[in-house]
1. Can you tell me which residues in the range 49-81 are polar (S, T, N, Q) and either surrounded by fewer than 17 Cβ atoms within 10 Å (Cβ to Cβ) or at pLDDT below 95 (or both)?
2. Residues that are modelled with pLDDT of 95 or more, surrounded by fewer than 19 Cβ atoms within 10 Å (Cβ to Cβ) and under 12 Å from the mean Cα position of the chain (by Cα): does the range 25-48 have at least one?
3. Return the total of residues in the range 39-93 being under 28 Å from ILE3 (Cα atoms) and not in a helix (DSSP H, G or I).
4. For the range 13-54, how many residues meet the condition of being of a type in the set (Asp, Glu) and more than 18 Å from SER101 (Cβ to Cβ)?
5. Looking only at the range 94-104, decide whether some residue is free of Cβ contacts under 8 Å to residues at least 40 places away in the same chain, within 13 Å of the chain's Cα centre (by Cα) and not in a loop (DSSP other than H, G, I, E, B).
6. Looking at the range 87-122, which of its residues are more than 25 Å from VAL73 (Cβ to Cβ), exposed (fewer than 13 other Cβ atoms within 10 Å of the Cβ) and of a type in the set (S, T, N, Q)?
Amino acid sequence: MNIALWVVQGLLAAVYLAAGLMKLVRPREQMVASGSFDWAKDMSDAAVKGIGAVEVLGALGLVLPWLTGIAPVLTPIAAVGLVVVQVLAARVHLKLGETKSLPVNVVLLLLAAFVAIGRFTG
């Protein structure tokens, strides 16, 4: 079980780190112009950067505390935080009628829930 948790933690960390850094580095207008981030039209620059920062911190929280043994309880807490991120993301996508994004939200939510449950109970 520990190996499965580490694999999922690593995958989630890579996804959230990439997504978060992209939101932090790319201008919101450029993201909207790409056509893949229509949800960002209704958000301020600060909101998009804030989401990116939360994703980067969540990615780091999934791996570093458990890896170093320093405050390992932060790993499942980070996973719960990413579950909340996906619930809110799904809500935004539903509100905007972007149903194509929902399967990704559900998969990421379930993987983060797996890590939260596995690390809280293990």
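1. If the condition is that a residue be polar (S, T, N, Q) and either surrounded by fewer than 17 Cβ atoms within 10 Å (Cβ to Cβ) or at pLDDT below 95 (or both), then THR68 is the only one that fits.
2. No.
3. Selection size over the range 39-93: 5.
4. Count: 2.
5. So far as the range 94-104 goes, yes, one or more of its residues are free of Cβ contacts under 8 Å to residues at least 40 places away in the same chain, within 13 Å of the chain's Cα centre (by Cα) and not in a loop (DSSP other than H, G, I, E, B).
6. THR99
The values are calculated or read from the model by the stated rules, or taken from the named source; none is laboratory data. Predicted model, so just to flag it, every value in this text is computed and none were measured. Backbone-built Cβ (ideal geometry, glycine too); neighbour counts: all protein chains shown.
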